[in-house]
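The structure under discussion is supplied below as structure tokens; questions concerning it will follow.
Bear in mind that the values in this text are calculations on the coordinates, not laboratory data. Because the structure is a prediction, the values reported are computed rather than measured. Cβ placement follows ideal geometry from the backbone for every residue including glycine, while neighbour counts extend to all protein chains displayed.
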Ligand code: NAD
Ligand code: DAU
């Protein structure tokens, strides 16, 4: 049976992953360790709190004492690290927090997992671990930097992050790699493209645009709006992580993406059309500093070596997503009250 420590499980992708895993596996134990920053929302998991397979622990991935205690108590054989500061714009105004959570937090988790999984924890030359253990680092395509009009990121593309966020994620990837190379730890790194779907905090493009259009507020498009992202429905990201947990070769990196490149302005227009609003709400604003022009994932490795395929096309996923936000208006109202208003004023004034 898998006994999983999921970190950052109250956030967007982590909460979708918990729902996915509980649906897929009867025999499983999950501990969700989340410090509940502004982006962590326990309400995303309301429907599973009573499930005996699920335990929530409020805490920080940098808290060594707490994580040691959790390993002793729950005997995890799998760690999936989602916990992170994840928003590029915030990393431009508050870089330090990104370095602490994304780098030090990842190293703390790795160190404790290594100590608990090594068959000789105090021997620095020991490269043998308990059977069937794995540390999976959830990373991002942003570590590769930006593309021009052509080409795609493969796992061999050199790392060249451009924002404090992506630099912190790239640093975490390198420390995960180092624990594999130096200590032989069983690890995988996944690098996914932009996700969309239910429970995404409305600081990110798609839920922000949906929310603003419901309020008839301006839709702030950065620069010329022609930047390109490669979109994947969140449940497809979850199934890809599950596939890597089952079949990923130790030490390997897997890119995840569904070949859905779209310009930002195309997405904004599509949202407005679905909502029955016209384009007059579109407002071009000053560009994000260091804005990456284009991302595109080559998913050949995960599809050909592990047999993963995304289920939803962008056209299906975006309709499902817009409809989810329009149905779950109370969720949106709760997350956009209080601190969110303050954030919005600061970022877009
Ligand atoms: P999110 O911001 O929605 O959620 C992050 C979660 O981590 C929150 O619940 C937050 O409370 C928690 N957290 C933050 N700091 C913590 C700490 N110190 N200790 C414990 N918990 C902490 O992020 P997301 O969009 O769900 O992204 C999850 C992961 O996937 C991140 O590592 C991100 O880099 C990666 N990723 C995201 C995308 C995307 O499009 N959103 C794409 C590829 C990879
Ligand atoms: O590529 C994976 C990454 O995708 C993840 O690692 C990050 O955690 C996630 O936040 C996301 O990063 P992006 O910067 O691509 O996502 P964001 O939703 O912030 O922006 C998407 C695009 O839309 C980007 O080109 C900036 C633009 N944008 C965004 C906002 C919030 C706007 O034009 N206006 C906006 O108000």
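Taking the Cα atoms only, what angle lies between the long axis of helix 264-274 and the longest principal axis of the chain, rounded to 10 degrees?
Result, in degrees: 70.
Treating the angle as unsigned and between 0 and 90°, give the value, to the nearest 10°, between the Cα long axis of helix 64-74 and the longest Cα principal axis of the chain.
Once rounded, the angle reads 70 degrees.
Right, something else. Modelling each spin label as a point 7 Å along the Cα-to-Cβ direction, I'd like the residue 283/residue 126 distance in nm, to one decimal.
It works out to 6.0 nm between the two label points.
Let me ask something else about it. Gain in length, residue 94 to residue 224, computed as 0.36 nm per residue apart minus the alpha-carbon separation, to one decimal in nm?
Values: separation 130, 0.36 × 130 = 46.80 nm, distance 2.53 nm.
Here the answer is 44.3 nm.
Does the range 46-137 come out rounded, prolate or oblate, given a ≥ b ≥ c as the square roots of the eigenvalues of its C-alpha gyration tensor, rounded meaning a/c under 1.5 and, failing that, prolate meaning a/b above b/c?
Values: a/c = 2.31, a/b = 1.27, b/c = 1.82.
Cα axes put the range 46-137 in the oblate bin.
Give the average over all directions of the projected area of the C-alpha convex hull of the range 114-229, one decimal, in nm².
Seen from a random direction, the Cα hull of the range 114-229 projects 10.2 nm² on average.
Report the FRET efficiency, 1/(1 + (r/R0)^6), for residue 214 and residue 58, where r is their Cβ-Cβ distance and R0 is 35 Å, rounded to 0.05.
Plugging the Cβ-Cβ distance into 1/(1 + (r/R0)^6) gives 0.65.
Hey, another quick one. Please give the helix 234-247 orientation as an angle from the longest Cα principal axis of the chain, in degrees from 0 to 90, rounded to the nearest 10.
That works out to roughly 20 degrees.
May I pose another question? For the pair residue 345/residue 274, report the inter-label distance in nm, with labels modelled 7 Å from Cα in the Cβ direction.
3.1
Quick check: convex hull over the Cα atoms of the chain, volume per residue in Å³, rounded to an integer?
Looking at the chain, the number lands at 130 Å³ per residue.
Given the chain, what percent of its DSSP beta bridges are antiparallel, to the nearest 5?
Here the share of antiparallel DSSP bridges comes out near 10 percent.
If you don't mind, there's one more thing I want to ask. Taking only Cα atoms and a 10 Å spring cutoff, compute GNM fluctuations for the chain and point out the largest among 47, 140, 37.
Per the Cα network of the chain with a 10 Å cutoff, 47 tops the list.
On to the next question. Round to a whole angstrom and tell me the spacing of the C-alpha centers of the range 121-176 and the range 183-222.
After rounding, the separation between the Cα centres reads 20 Å.
Quote to one decimal, in nm, the extra length available between residue 174 and residue 65 on full extension: 0.36 nm per residue of separation minus the C-alpha distance between them.
Going from the current span to full extension adds 36.8 nm.
Another question, if that's okay. Counting helices only, and only those DSSP H runs with n ≥ 4, report the 222 nm mean residue ellipticity of the chain as the sum of -39,500 (n - 2.57) divided by its residues, in deg cm²/dmol to the nearest 500.
Estimated from H runs of four or more residues: -12000 deg cm²/dmol.
Percentage of Cα-Cα pair distances in the range 297-349 greater than 14 Å, rounded to whole percent?
Result for the distance tail: 72 percent.
Additional query: Can you give the FRET efficiency to the nearest 0.05 for residue 263 and residue 320, using r as the Cβ-Cβ distance and R₀ = 22 Å?
Taking R0 as 22 Å, the efficiency between residue 263 and residue 320 is 0.55.
Continuing with the same structure: How high is the relative contact order of the range 163-274, given as a whole-number percent (alpha carbon pairs under 8 Å, six or more residues apart)?
Here the relative contact order equals 36 percent.
Using alpha carbon centroids, what distance separates the range 272-325 and the range 28-57, in Å?
27
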